[in-house]
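The values are calculated or read from the model by the stated rules, or taken from the named source; none is laboratory data. It should be emphasised that the depicted structure is a prediction, and the values quoted were computed from it without experimental measurement. Glycine gets a Cβ as well: all are built from the backbone with ideal geometry, and neighbour counts include every protein chain shown.
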Amino acid sequence: MNQPLLFTLIAAAMTVAALHSLAPDHWAPFAALSRARNWSAGRTARVTLICGLGHVTVSAVLGLVAITIGLEVIEALGARMESVAGILLITFGVLYGLWGLRKKAGHHLHGHSHPSYDHIHEETTTAWSLFALFSVDPCVALLPILVAAAPLGTAAVIIVILAYELATITTMISLVLLARAGVTRLKFHWLDHWGHTAAGAFIVLVGIVVGVLGI
């Protein structure tokens, strides 16, 4: 095995992963939802981890398919999937914001009914929605790195994938927790009443930025 090339590809995969994870759509929605839903740091990290695993797994699978059937076809597919990330964020933000308005109106009109069940259902739905959102947003930049690693053997490809996954998830969780620490210090009274709607609006804004800048 060509170790210098392998180490170069590992470094490239980790660098690409870290830079890719700096995009606001990889951490801002989690921080906003953590503030709105009063998630603990541990729960926020777990949700980010689960969504990050979905994100990196799809990227890795696309890379493996690219090795098998050709890079150009899979890069085109990956780019198309990336292009809808902003639209999906906007859709999620709008629906979440509307849900926040409905929840606030229902709270005033009807009070709380089945609070424990409703809360668990809402938390689960939010987490799985984020998981689905991030699973359809692969990192296309990883694909040529995996193709370059293929001649070095299966072990090399697996090592590069693991390095990419570690760097992506570590960067995502670190940024999310840093952002969460910042937003939890905000003590605006209106955030306690309109937090869900504000989170939805912020996610819409992130989606617009991602769509306009193509990041």
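If you go through the range 23-42 and keep only what is modelled with pLDDT under 90, of a type outside the set (A, V, I, L, M) and within 19 Å of Pro138 (Cβ to Cβ), you end up with Pro24, Asp25, His26, Trp27, Pro29. Just one of the listed residues (Ser129, Ser174) is at pLDDT 95 or above and in a helix (DSSP H, G or I), namely Ser174.
Hey, any hits in the range 104-125 for a residue that's modelled with pLDDT of 75 or more and exposed (fewer than 15 other Cβ atoms within 10 Å of the Cβ)?
Narrowing the range 104-125 to residues modelled with pLDDT of 75 or more: none.
For the range 104-125, residues modelled with pLDDT of 75 or more and exposed (fewer than 15 other Cβ atoms within 10 Å of the Cβ): absent.
For the criterion of being under 21 Å from Val212 (Cβ atoms), assigned to a helix (DSSP H, G or I), touching a residue at least 12 places away in the same chain (Cβ under 8 Å) and not polar (S, T, N, Q), His55 fails. For His20, the stated conditions do not hold, so it cannot be described as part of a helix (DSSP H, G or I) and modelled with pLDDT under 80.
One residue stands out in the range 13-24 among those that are more than 12 Å from the chain's Cα centre (by Cα) and of a type in the set (A, V, I, L, M, F, W, C): the one that is surrounded by the fewest Cβ atoms within 10 Å (Cβ to Cβ), namely Leu19. Please work out if Thr197 is modelled with pLDDT under 80, part of a helix (DSSP H, G or I) and either among the hydroxyl-bearing types (Ser, Thr, Tyr) or under 30 Å from Leu6 (Cβ atoms) (or both). Criteria met by Thr197.
How many residues does the range 25-44 contain that are assigned to a helix (DSSP H, G or I) and surrounded by fewer than 20 Cβ atoms within 10 Å (Cβ to Cβ)?
Initially, the range 25-44 is screened for residues assigned to a helix (DSSP H, G or I), giving 25-26, 28-37, 41-44.
Still in the list and also surrounded by fewer than 20 Cβ atoms within 10 Å (Cβ to Cβ): 37, 41-43.
Summing the residues that are assigned to a helix (DSSP H, G or I) and surrounded by fewer than 20 Cβ atoms within 10 Å (Cβ to Cβ) in the range 25-44 gives 4.
Cβ contacts < 6 Å: first residue of a type in the set (Gly, Ala, Ser), restricted to the range 19-39; second residue at pLDDT 85 or above and in a helix (DSSP H, G or I), any location; separation 6+ or different chain. Result? Between residues of the range 19-39 that are of a type in the set (Gly, Ala, Ser) and residues that are at pLDDT 85 or above and in a helix (DSSP H, G or I), the close pairs are Ser21/Thr168; Ser21/Thr171; Ser21/Met172; Ala31/Val176; Ala31/Ala179; Ala31/Arg180; Ser34/Thr44; Ser34/Arg180.
Specify the residue that is modelled with the highest pLDDT; the eligible residues are those in the range 48-60 that are hydroxyl-bearing (Ser, Thr, Tyr) and buried (at least 18 other Cβ atoms within 10 Å of the Cβ).
Thr48
On the basis of being modelled with pLDDT of 90 or more, farther than 30 Å from Gly93 by Cβ and surrounded by fewer than 21 Cβ atoms within 10 Å (Cβ to Cβ), does Ala155 make the cut?
Yes: the conditions hold for Ala155.
So, Ala149, is that one over 30 Å from Leu5 (Cα atoms) and either at pLDDT 80 or above or outside any helix (DSSP H, G or I) (or both) or not? So Ala149 does not fit the description; no. Within the group Ala12, Ala66, Ala45, which residue is hydrophobic (A, V, I, L, M, F, W, C), modelled with pLDDT of 90 or more and touching a Leu at 6+ places or on another chain (Cβ under 7 Å)? Ala45 is the lone residue from the list that is hydrophobic (A, V, I, L, M, F, W, C), modelled with pLDDT of 90 or more and touching a Leu at 6+ places or on another chain (Cβ under 7 Å).
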